[in-house]
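The values are calculated or read from the model by the stated rules, or taken from the named source; none is laboratory data. None of these values were measured; they are calculated from a predicted model. Virtual Cβ from ideal backbone geometry, glycine too; neighbours counted across all protein chains shown. Remember, those area values only see protein heavy atoms, side chains included, never the ligands or the DNA or RNA. Shrake-Rupley method; radii C 1.70, N 1.55, O 1.52, S 1.80 Å.
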Amino acid sequence: MPTMTRRNHRQLLVAASVLGVVLVLAVAVLVRGLGGGNEPVPPAATGKAPPSQSAERFLDSVGVNVHVTYLDTSYARIDDWLARLRELGVHHVRDGLVLGSTASTQRLRALAAAGMRLTLITALGDDPNKQISYAASTFGRSVEAVEAPNEVDAMGPSDWAERLRSFLPRLRAAVDADGPPSRTIIGPSFVHAESWKQVGALAGTWNVANLHPYPGGQEPSANLGQQVALAREQRRDQPIEVTETGYHNALRGNTGQPPVSEAAAGAYMPRLALAYFASGIERTFIYELADEKPDPGLGQPEQHFGLLRADLTPKPAFLALRNLLQTVRTSDGAGEPRDVRVSAAPDVRTLLLQRRDGSSVLALWRSASVWDVDARAPSVATPVPATVRFGKRAKDVAVSRPTVRAEPLSRRRDAAELRVPVAGDVVLVSYR
């Protein structure tokens with residue numbers, strides 16, 4: 001969805017991107033670190049236990065925005081981008097609910113037939129009863145949620161608040177009476193923080209709070225805490241979904257939020273998925289799957305938010321996210337939960353993802369920036385050492401780096417302790 005959230009940041013100076021070179025150098029440091037180099041080890045005797053979550057829940061937390069009715073863009077090639085969507089390994093898509101559109105109906109049905117779960121955005125100008133009846137009768141169990149109107153405080157009519165206050169109770173009644181089996185309503189999204197006050201009293205009409213915390217070219221968690229606090233002010237007990245977030249690569253653009261290079265977005269995207277999940281976000285929809293139209297001059301931000309380019313070739317962010325999901329999904333065999341401790345610098349973040357078969361994946365990354373927003377140039381996140389200690393020797397230990405490649409950089413048959421350099425992109429330690 002076009003969104004004013006992506007257009008409300010300051011203009012910046014233009015500089016060249018050499019982040020790819022930085023990543024190559026960091027890989028060399030990582031490989032040397034895995035070989036037992038002379039990097040200093042933090043003095044902590046045991047380290048800290050990383051927060052632990054279900055690997056399956058993490059895999060289920062990632063979604064992506066698409067535009068099935070944008071027939072004059074790359075989205076016209078549905079067979080091609082649906083193949084890319086399958087390659088990515090994501091099963092949740094978000095798009096608008098368009099009454100009377102044959103293209104929308106046919107294409108959303110094709111997504112549903114491919115096993116995709118649909119989050120459908122309602123329109124403020126259409127009757128909620130007609131929209132919900134259409135969604136339920138046309139897509140049935142493939143609809144996992146309907147969503148209140150998108151960013152109407154920025155793109156809606158001048159009387160959006162009054163109309164939304166009338167719309168939300170009717171949407172709730174329509175879903176309860178004739179809605180999809182999930183009966184889930186995601187709340188409205190807003191560009192301006194003060195807009196929440198206009199509908200906060202109606203927070204009980206939706207099940208899930210909705211946020212659009214675009215990082216604005218900064219590191220992935222930059223705006224997340226403030227946004228979560230806004231949602232918690234309305235209903236502290238509600239789950240939260242992020243239905244839009246991401247980065248654009250229009251390096252010569254002078255409107256909207258700041259850009260990042262494709263390489264920087266590649267380093268940030270796995271961090272974003274992991275950090276949002278670790279913060280309690282139930283699902284994060286990346287905006288968006290594909291660039292819509294070619295813009296070789298890199299001057300139009302709205303044409304560069306995709307994980308894929310306009311010709312549907314993968315950007316580094318697509319490959320890195322695909323590699324992350326693939327690594328978390330793939331097990332070398334059943335294992336057993338074991339005590340794990342990590343000793344590292346204060347800005348090293350960790351998340352332990354445990355699979356149902358008892359095997360695990362430990363994710364580590366620095367919270368540092370890899371992109372200088374003001375200079376529009378790479379910022380080096382120097383690798384720092386992290387020591388991973390297993391309470392019981394781990395088997396089939398593999399260390400990988402989704403930003404670099406899908407295959408592990410190193411494997412060990414077993415290990416009681418592992419030393420891993422951690423930079424600005426994600427390092428994964430898989431074991432059983």
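Structure above, values below:
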item: Complete set of residues in region 410-419 that are in contact with a Leu (Cβ under 9 Å, 6 or more places away or on another chain) and either free of Cβ contacts under 8 Å to residues at least 24 places away in the same chain or crowded, with 24+ Cβ neighbours inside 10 Å (or both); result: Arg412
item: Pairs where the first residue, in region 141-153, is within 13 Å of Leu111 (Cα to Cα) and the second is open to solvent by 20 Å² or more (accessible area, probe 1.4 Å) and among the aliphatic types (A, V, I, L, M), C-beta under 8 Å, 6+ apart; result: Ser142/Ala112; Val143/Ala136
item: Within region 304-322, tally of residues that are open to solvent by 10 Å² or more (accessible area, probe 1.4 Å), in contact with a helix residue (DSSP H, G or I) (Cβ under 7 Å, 6 or more places away or on another chain) and farther than 28 Å from Leu362 by Cα; result: 1
item: Condition met for Gly140 (among the small types (Gly, Ala, Ser), modelled with pLDDT under 95 and farther than 16 Å from Gly187 by Cα); result: no
item: Residue count for region 207-227, restricted to those that are open to solvent by 30 Å² or more (accessible area, probe 1.4 Å), at pLDDT 95 or above and within 20 Å of Asn150 (Cβ to Cβ); result: 1
item: Region 126-177, subset more than 15 Å from Gln198 (Cβ to Cβ) and either among the acidic types (Asp, Glu) or assigned to a loop (DSSP other than H, G, I, E, B) (or both), residue least open to solvent (accessible area, probe 1.4 Å); result: Glu147
item: Test: residue in region 377-392 that is surrounded by fewer than 22 Cβ atoms within 10 Å (Cβ to Cβ), at pLDDT 95 or above and on the phi > 0 side of the Ramachandran plot; result: no
item: Restricting region 393-409 to residues that are assigned to a strand (DSSP E or B) and not hydrophobic (A, V, I, L, M, F, W, C), the residue that is most open to solvent (accessible area, probe 1.4 Å); result: Arg393
item: Residue under evaluation Leu325, criteria (1) in a helix (DSSP H, G or I); (2) open to solvent by 10 Å² or more (accessible area, probe 1.4 Å), criterion not met; result: (2)
item: Residue in region 289-303 that is surrounded by the most Cβ atoms within 10 Å (Cβ to Cβ), counting only those that are out of contact with any helix residue (DSSP H, G or I) (no Cβ under 9 Å at 6 or more places or on another chain) and assigned to a loop (DSSP other than H, G, I, E, B); result: Gln300
item: Extreme residue, farthest from the chain's Cα centre (by Cα), among residues of region 178-188 that are free of Cβ contacts under 8 Å to residues at least 60 places away in the same chain and either within 17 Å of Asp126 (Cβ to Cβ) or open to solvent by less than 10 Å² (accessible area, probe 1.4 Å) (or both); result: Asp178
item: Residue count for region 366-392, restricted to those that are closer than 29 Å to Ser331 by Cβ, small (Gly, Ala, Ser) and assigned to a strand (DSSP E or B); result: 2
item: Any hit, region 310-322, residues being under 21 Å from the mean Cα position of the chain (by Cα) and without any contact (Cβ under 8 Å) to a residue 40 or more places away in the chain; result: yes
item: Residue match in region 330-352 (condition: surrounded by fewer than 18 Cβ atoms within 10 Å (Cβ to Cβ) and under 16 Å from the mean Cα position of the chain (by Cα)); result: no
item: Filtered residues of region 54-77 (kept if surrounded by 18 or more Cβ atoms within 10 Å (Cβ to Cβ) and not in a loop (DSSP other than H, G, I, E, B)); result: Ala55, Phe58, Leu59, Val62, Gly63, Val64, Asn65, Ser74, Tyr75
item: Any hit, region 267-288, residues being under 11 Å from the mean Cα position of the chain (by Cα) and either at pLDDT below 95 or part of a loop (DSSP other than H, G, I, E, B) (or both); result: yes
